[in-house]
Amino acid sequence: MELTKEQIQEIDNRLKKDGIKYWDLRIELLDHVVSDVESRIENGEEFEKSVTNSFIALGWNGNLKHLNKKGWQNTNDKYRREHFKGILNYFKSLKNIFLFVVSVSMLFYLSNTLTFKVFKNMCVILFSLPIILIVFLYIKQFSKKYKKSVNLDYGSFYLTLSYMILPGVLSIINSQQEFTQEIIWIVVLSVHFLSIYSGYKVYKNAITRVENMRKQLLS
């Protein structure tokens with residue numbers, strides 16, 4: 001037996017009332033609860049009782065807030081795997097390997113050709129350049145008027161992950177010899193752009209998931 005739109009909306013309202021604030025997490029739970037309730041009704045339960053029993057099966061103890069944390073953890077695990085896999089997949093292409101080797105070789109060449117000050121300033125500029133892309137993506141995301149989304153939260157997190165970690169590395173290298181600083185800068189830039197490359201793919205996947213869920217919600 002299929003539930004009516006009014007019954008599905010009632011379940012959605014109850015999920016929201018019981019602590020599931022992220023709408024994309026709520027859609028995933030809604031699909032599960034609707035299927036479970038339909039199965040229970042076919043076995044002879046009344047709608048209200050079947051909803052209550054379905055919530056109890058989810059671990060309801062006055063609310064479902066514990067599922068928020070579980071949903072965050074599961075989403076983070078998924079995006080972390082995607083981010084790591086994206087970096088590994090980059091090196092499965094001979095073209096990408098060639099581009100990576102050429103880029104690193106060019107940085108080594110410039111470190112030996114330019115003065116340390118000029119090379120360091122150039123590295124700072126290169127490190128900062130992806131911010132332009134990130135700002136553009138965030139403006140575009142804001143224009144879409146998405147509601148609070150756990151998928152977008154973690155998509156954004158892995159897009160900017162290297163900006164959260166690598167500045168800490170750079171802040172402690174000033175006491176090192178210039179040659180050592182140059183090597184560290186080359187390593188940092190290599191890791192940074194690999195992370196941005198994979199993070200961008202993760203972010204785009206998050207946007208796609210959110211768009212699909214939003215279409216499902218509006219259908």
Q. To the nearest 10 degrees, how steep is helix 65-90 against the longest Cα principal axis of the chain, on a 0 to 90 scale?
A. 40 degrees
Q) Of Ile41, Leu25, Phe116, which is farthest on the positive side of the dipole of the chain, counting Cα position, with +1 on Lys and Arg Cβ, -1 on Asp and Glu Cβ, and the Cα centre as origin? A) Phe116
Q: Could you tell me which of Leu3, Leu161, Asn68 has its Cα farthest along the dipole of the chain towards the positive end, charges placed at Cβ (Lys, Arg +1; Asp, Glu -1), taken about the Cα centre?
A: Leu161
Q. Excluding ligands, DNA and RNA, what is the solvent-accessible area per residue of the chain at a probe of 1.4 Å, expressed in Å²?
A. 61 Å²
Q. Tell me which aspartates and glutamates have Cα within less than 16 Å of Lys120's Cα, excluding those fewer than 8 residues away on the same chain?
A. Glu178, Glu182
(Q) Distance cut-off 20 Å, Cα to Cα: go down the list Lys78/Lys140; Lys140/Lys201; Lys65/Lys148; Lys17/Lys70 and report the pairs above it. (A) Lys78/Lys140
Q. Where does helix 94-113 land angle-wise versus the long Cα axis of the chain, in degrees 0 to 90, nearest 10?
A. 40 degrees
Q) Can you pull the accessible area of Thr180 for me, 1.4 Å probe, Å² to the nearest 10? A) 50 Å²
**Q.** Exposure rank, largest accessible area first [Ser128, Ser35; 1.4 Å]
**A.** Ser35, Ser128
(Q) Please report the carbon-and-sulfur percent of the accessible area for segment 116-219; probe 1.4 Å, protein heavy atoms only, DNA, RNA and ligands left out. (A) 67 percent
Q. Ratio of Rg to Rh for the chain, alpha carbon only, Kirkwood?
A. 1.16
Q) Normalised by the residues of the chain, what does the relative contact order come to in percent, with Cα pairs under 8 Å and at least six apart? A) 27 percent
Q | C-alpha long axis of helix 178-218 to longest principal axis of the chain, angle in ° | A | 20 degrees
(Q) Using helices alone, I'd like the mean residue ellipticity at 222 nm for the chain: each DSSP H run of four-plus residues gives -39500 (n - 2.57), total over residue count, nearest 500. (A) -27500 deg cm²/dmol
Q) Using the Kirkwood radius built from alpha carbon pairs, what does the Stokes-Einstein equation give as D for segment 1-87 at 10 °C and 1.306 mPa s, in µm² per second? A) 114 µm²/s
Q: Quick one: check the C-alpha center-to-center distance for segment 125-175 versus segment 36-52, whole angstrom.
A: 45 Å
Q: Please state the charge dipole magnitude for the chain, taken about the Cα centre, from unit charges on C-beta atoms (+1 on K and R, -1 on D and E), reported in debye and rounded to the nearest 20.
A: 740 debye
Q | Charged-residue dipole, Cβ positions (Lys, Arg, Asp, Glu), segment 176-216 about Cα centre, Debye nearest 20 | A | 560 debye
Q. Glu45 label point, 7 Å along Cα→Cβ, cut-off 17 Å on backbone N: hits in segment 54-75?
A. 54-64
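The values are calculated or read from the model by the stated rules, or taken from the named source; none is laboratory data. As the structure is a prediction and not an experimental result, all values here were calculated from the model. Because the Cβ atoms are built from the backbone with ideal geometry, glycine has one as well, and the counts that use them run over all protein chains shown. Areas reflect the complete protein model, heavy atoms only, side chains present, ligands, DNA and RNA absent. Shrake-Rupley method; radii C 1.70, N 1.55, O 1.52, S 1.80 Å.
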